[in-house]
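Asker: To start, I am sharing the structure in question, which I have written as structure tokens.
The values are calculated or read from the model by the stated rules, or taken from the named source; none is laboratory data. Quantities reported herein were computed from a predicted structural model and do not represent experimental measurements. All Cβ positions, glycine included, derive from the backbone under ideal geometry; neighbour counts span all protein chains shown.
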Amino acid sequence: MQGIQIDLISEERLARLTPMEKIRLILDDVKQGNIVVLEKGLAPEEASRLIEVTMMEISPDGFSGIEMETYPAKEAGAGLSGLISRISGRQPGSRLTVIGPANQLRMIRKDKDLISAWISSR
Amino acid sequence: MSFLVKTKKKLSRFLKVFFKKRRARIGIYGPPNAGKTTLANRIVRDWTGDAMGPVSEIPHETRRARRKENITITGLNGNSVDIDIVDTPGVTTKIDYREFMEYGLEKDEAVKRAREATEGVAEAMHWLREDIDGVIYMLDSTLDPFLQVNIMMVGIIESRKLPVIIVANKIDLPDASPGRIKSAFPQHPVVSISSLEGSNVEQLYEQMAELFG
């Protein structure tokens, strides 16, 4: 049977990994042509390193990079918790994130609460 | 100007002199073909008379970060700031050499350009983490600002607590919609310019002197 493998990785599993382990997990999976869905997105520092490592692994007629999409971060809410977040400068948590090979995953539409993607087989 | 702002500026000047703070390094970041090098050329030409680097309609013309040192920018109200400008390669999460062949490049040349571009993007990210004190984030105002790479990059800049000015470039084009960029990044100052024609760059210089000074 032909198809596309989709790996949904839980927040708990991600929390056990170091930033570099997360990046390795994502890239190894995506380079095999799989789609990775993270229950909780990457921190900005991890995203920065993901871009850097992705660039180092691109090769002609091989891996051409990643397509990645996430919901916009939630605004700091009202009330005490929102106030504390704003005062402390804490970033709102990143949200569900879809990552796939750039030559197979196309984002069709993204709203604040909907990501619509199209996946092609290799 | 309030007493607090005046006091903060005086204290800041005193600390800079006292600690001999190095000039701020201001990185021009953004996706490919947003007009980063055109702006860098304009800034450098306006304030030093030199040039920074070549521009092209083919994406990833800039494949190495380039730094121009010791530029003093003075805003309309007399504020000034001494900076180094760092023009960086366009940031993306994907590069395919075949895209360059669509612009007429031969395969060998396209593959070479792609390899240099990937190295350039990695280098730009490294600069952002290690060596940049403030950011001008350039966007093409004819395009959707909600692209993931823009959201990610602004998130990375915010997490490093770097001062940032968002520039809505190419307002000379008929499809330009700088309002979309303002609504996408309401938490940051947005300046609409045409770096090609030079329109409204004085407002950008004013903002740079205010924010990076």
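Asker: So B:Ser183 clears everything in (1) touching a residue at least 12 places away in the same chain (Cβ under 8 Å); (2) among the hydroxyl-bearing types (Ser, Thr, Tyr); (3) not in a loop (DSSP other than H, G, I, E, B) except one condition, right? Which one?
Answerer: Condition (1) is where B:Ser183 drops out.
Asker: I would also like to ask the following. Does A:Ser48 satisfy the criteria of being modelled with pLDDT of 95 or more, among the small types (Gly, Ala, Ser) and within 14 Å of the chain's Cα centre (by Cα)? Outline the logic, then answer.
Answerer: Details: modelled with pLDDT of 95 or more: no; among the small types (Gly, Ala, Ser): yes; within 14 Å of the chain's Cα centre (by Cα): yes.
Spelling it out, it is not the case that A:Ser48 is modelled with pLDDT of 95 or more, among the small types (Gly, Ala, Ser) and within 14 Å of the chain's Cα centre (by Cα).
Asker: Kindly provide the set of residues from region B:120-168 that are at pLDDT 95 or above, among the β-branched types (Val, Ile, Thr) and surrounded by fewer than 20 Cβ atoms within 10 Å (Cβ to Cβ), ordered by number.
Answerer: Correct list: B:Thr142 only.
Asker: If you go through region A:15-51 one residue at a time, how many are crowded, with 18+ Cβ neighbours inside 10 Å and in a helix (DSSP H, G or I)?
Answerer: 13
Asker: Something else now. List the pairs whose first member sits in region A:95-118 and is at the interface with chain B (Cβ under 10 Å from one of its Cβ atoms) and closer than 16 Å to A:Ile23 by Cα, whose second member is in a loop (DSSP other than H, G, I, E, B) and at pLDDT below 85, and whose Cβ atoms are under 9 Å apart, counting only residues at least 6 apart or on separate chains?
Answerer: A:Thr97/A:Tyr71; A:Pro101/A:Arg122
Asker: Taking region B:26-50 on its own, how many of its residues are closer than 13 Å to B:Ile71 by Cβ and in contact with a helix residue (DSSP H, G or I) (Cβ under 9 Å, 6 or more places away or on another chain)?
Answerer: Summing the residues that are closer than 13 Å to B:Ile71 by Cβ and in contact with a helix residue (DSSP H, G or I) (Cβ under 9 Å, 6 or more places away or on another chain) in region B:26-50 gives 8.
Asker: Report whether or not B:Gly75 is closer than 21 Å to B:Ile156 by Cβ, in contact (Cβ under 8 Å) with a residue 24 or more places away in the chain and buried (at least 18 other Cβ atoms within 10 Å of the Cβ). Quick ask: steps written out before the conclusion?
Answerer: Working: closer than 21 Å to B:Ile156 by Cβ: no; in contact (Cβ under 8 Å) with a residue 24 or more places away in the chain: yes; buried (at least 18 other Cβ atoms within 10 Å of the Cβ): yes.
Answer is no for this residue.
Asker: Residue by residue through region B:169-194, note down the ones that are at pLDDT 95 or above, among the small types (Gly, Ala, Ser) and surrounded by 19 or more Cβ atoms within 10 Å (Cβ to Cβ).
Answerer: Scanning region B:169-194 gives B:Ala176, B:Ser192, B:Ser194.
Asker: I would also like to ask the following. Of all residues in region B:98-115 being within 16 Å of B:Asn33 (Cα to Cα) and of a type outside the set (Lys, Arg), which is nearest to the other protein chains (Cβ to nearest Cβ)? Working first, answer last.
Answerer: Step one: list which residues in region B:98-115 are within 16 Å of B:Asn33 (Cα to Cα), which gives B:99-100, B:102-103, B:113-114.
Now drop any that are not of a type outside the set (Lys, Arg), which leaves B:99-100, B:102-103, B:114.
Numbers: B:Glu99: 9, B:Phe100: 11, B:Glu102: 14, B:Tyr103: 17, B:Ala114: 7 Å.
In this case the residue turns out to be B:Ala114.
Asker: Checking the conditions here, which among B:Val149, B:Val191, B:Val154 is without any contact (Cβ under 8 Å) to a residue 60 or more places away in the chain and within 25 Å of A:Ser94 (Cα to Cα)? Step through it out loud before you land on a result.
Answerer: On the way: B:Val149 fails: without any contact (Cβ under 8 Å) to a residue 60 or more places away in the chain; B:Val191 fails: within 25 Å of A:Ser94 (Cα to Cα).
Unique residue meeting the criteria: B:Val154.
Asker: Please count how many residues of region B:100-132 are out of contact with any Lys or Arg (no Cβ under 8 Å at 6 or more places or on another chain), among the charged types (D, E, K, R) and part of a helix (DSSP H, G or I).
Answerer: 6
Asker: Here's something else I'd like to know. Scanning region A:52-77 for residues that are more than 8 Å from chain B (Cβ to nearest Cβ), modelled with pLDDT of 90 or more and farther than 22 Å from B:Arg129 by Cβ, which turns out surrounded by the most Cβ atoms within 10 Å (Cβ to Cβ)?
Answerer: A:Phe63
Asker: Now, a different point. Please state which of the following conditions B:Lys161 fails to meet, knowing it meets all the rest: (1) in contact (Cβ under 8 Å) with a residue 60 or more places away in the chain; (2) within 8 Å of chain A (Cβ to nearest Cβ); (3) basic (Lys, Arg).
Answerer: Single failed check for B:Lys161: (1).
Asker: Here is a further query. I'd like to check something: does region B:123-141 contain any residue that is hydrophobic (A, V, I, L, M, F, W, C), farther than 24 Å from B:His188 by Cα and either more than 14 Å from chain A (Cβ to nearest Cβ) or without any contact (Cβ under 8 Å) to a residue 40 or more places away in the chain (or both)?
Answerer: Residues of region B:123-141 hydrophobic (A, V, I, L, M, F, W, C): B:124-125, B:127-128, B:132, B:135-136, B:138-139.
Subset that is farther than 24 Å from B:His188 by Cα: none.
No, there is no match, as no residue in region B:123-141 is hydrophobic (A, V, I, L, M, F, W, C), farther than 24 Å from B:His188 by Cα and either more than 14 Å from chain A (Cβ to nearest Cβ) or without any contact (Cβ under 8 Å) to a residue 40 or more places away in the chain (or both).
Asker: Would you pick out the residues in region A:92-114 that are crowded, with 16+ Cβ neighbours inside 10 Å and β-branched (Val, Ile, Thr)?
Answerer: Answer for region A:92-114, where residues must be crowded, with 16+ Cβ neighbours inside 10 Å and β-branched (Val, Ile, Thr): A:Thr97, A:Val98, A:Ile99.
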